[in-house]
Amino acid sequence: MMMFFALAAAPTERVVAIGDLLTARVNGARVELRVDPAGTAMPLIDDAAARRAGLKPSMIGIGYAVGPQKVLGRTALVPIDLGGGPAKHRVGFTAHRYAAAAEGSIGPAGLPEPVVRFRLRASLPNERTVILPMGDQGGLAARWGERFAIVTVGGSPMRIRFDPYHHQTLATAGAAVRLAAANAGTMTGAMGKAEIAFGIDRPVREMALATPLQIGPIAILRLGVRTGDFGSAADIPGSPEDLDEVLVTAKRKHDPDADRINIGSDLLDHCSSILFDTAHKQIALTCA
């Protein structure tokens, strides 16, 4: 009698509930990772977890810009088990956590499954799904970075990042200038602050759009503007005439590649899921 053994097919989709943590093994050590739609493909852990895992820094370092502030880190190439068995991956580690709630973070492009579905909440009545093209940050480290949806603003592509772990929807200064021109935006309200990443707060002021920016079922009418980050918001109607602020923001050069909008839970509360399909480079957003 002959016996046949069938190998189980590798899973093609992972479902992640917002708030869940993934227990990973980094170089054999247990590390809790938050799977974050806005996270990088390269797992990013804090120095305490890196020491526990016995990581030895390679010659490849990393740096994250949060406005003018820089967060520097190191990397190591080690076995990492994300639930499907160990495989060698590059992992980054920094002194400060990317998110205070977890010792590590990873984005959907860092998982072995080609499809990652984030379950935000139960399905809602009258939902619609929009399929958006997926892009990366570009450059030599593109495969290690985040994954964005791409929309058109004023005739040019704009990166959209889905960020359910932050409440307020935010635009960088350069992105806000383009939005103001295309959708008749006006700055309103007083200056405040918002945490962006690594516990770093940045100045934010609200902008209202006369014409909403429509991303499938989501209509953006109001959002926060990171007034001094990656461009200058001084030319947006309603910006303060305070000379000091205008001078400070005007000195910053605008890099269109840094223009991005982070859609927070203030808008994603109306959505039930975000699906990242890295194989087909698409993001499916389902909202009421």
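Which pairs have Cβ atoms under 7 Å, sit 6 or more apart or on different chains, and link a residue in the stretch 160-184 that is touching a residue at least 12 places away in the same chain (Cβ under 8 Å) and under 17 Å from residue 270 (Cβ atoms) to one that is acidic (Asp, Glu) and surrounded by 19 or more Cβ atoms within 10 Å (Cβ to Cβ)? Every condition considered, the pairs that remain are 165/36.
Being in contact (Cβ under 8 Å) with a residue 40 or more places away in the chain, open to solvent by 40 Å² or more (accessible area, probe 1.4 Å) and closer than 18 Å to residue 137 by Cβ narrows it down to one of 90, 97, 117, so name that one. Residue meeting the stated conditions: 90.
Annotation note: of 109, 102, 38, 24, the sole residue that is part of a strand (DSSP E or B) and not acidic (Asp, Glu) is 24. Where residues in the stretch 185-207 are of a type in the set (A, V, I, L, M, F, W, C) and touching a residue at least 60 places away in the same chain (Cβ under 8 Å), which of them is farthest from residue 37 (Cα to Cα)? Result: 200.
In the stretch 269-288, how many residues are outside any strand (DSSP E or B) and touching a Cys at 6+ places or on another chain (Cβ under 8 Å)?
Taking the stretch 269-288 first, the residues outside any strand (DSSP E or B) are 269-270, 278-281, 288.
Those still in the list that are touching a Cys at 6+ places or on another chain (Cβ under 8 Å) too: 270, 288.
Qualifying residue count for the region: 2.
A residue that is of a type in the set (Gly, Ala, Ser) and surrounded by fewer than 17 Cβ atoms within 10 Å (Cβ to Cβ) can be found somewhere in the stretch 155-166. The residue of the stretch 122-137 that is most open to solvent (accessible area, probe 1.4 Å), among those that are on the phi < 0 side of the Ramachandran plot and more than 19 Å from the chain's Cα centre (by Cα), is 128.
Within the stretch 169-184, at least one residue is assigned to a loop (DSSP other than H, G, I, E, B) and either open to solvent by 10 Å² or more (accessible area, probe 1.4 Å) or touching a helix residue (DSSP H, G or I) at 6+ places or on another chain (Cβ under 8 Å) (or both). Would you point out the residue of the stretch 267-282, among those that are within 16 Å of the chain's Cα centre (by Cα) and closer than 17 Å to residue 213 by Cα, that is most open to solvent (accessible area, probe 1.4 Å)? Going through the qualifying residues, I end up with 267. May I ask you to verify whether residue 140 is touching a His at 6+ places or on another chain (Cβ under 8 Å), open to solvent by 20 Å² or more (accessible area, probe 1.4 Å) and modelled with pLDDT under 95? Answer is no for this residue.
Condition first: under 20 Å from residue 59 (Cα atoms) and under 18 Å from the mean Cα position of the chain (by Cα). Can you find one or more residues in the stretch 105-121 that meet it?
no
Taken over the stretch 56-76, the criterion of being among the hydroxyl-bearing types (Ser, Thr, Tyr) and open to solvent by less than 30 Å² (accessible area, probe 1.4 Å) is satisfied by 75 alone. In the stretch 234-278, how many residues are modelled with pLDDT of 95 or more and of a type in the set (A, V, I, L, M)? Total meeting the criteria: 6.
For the stretch 185-204, a residue qualifies if it is of a type outside the set (Gly, Ala, Ser) and open to solvent by less than 30 Å² (accessible area, probe 1.4 Å), and the qualifying residues are 187, 196, 198, 200, 202, 204.
The values are calculated or read from the model by the stated rules, or taken from the named source; none is laboratory data. Keep in mind the model is a prediction, meaning the values are calculated, not measured. Please note: Cβ atoms are built from the backbone with ideal geometry, for glycine as well, and neighbour counts cover all protein chains shown. Just the protein is used for accessible areas: all its heavy atoms, side chains included, with ligands, DNA and RNA removed. Shrake-Rupley method; radii C 1.70, N 1.55, O 1.52, S 1.80 Å.
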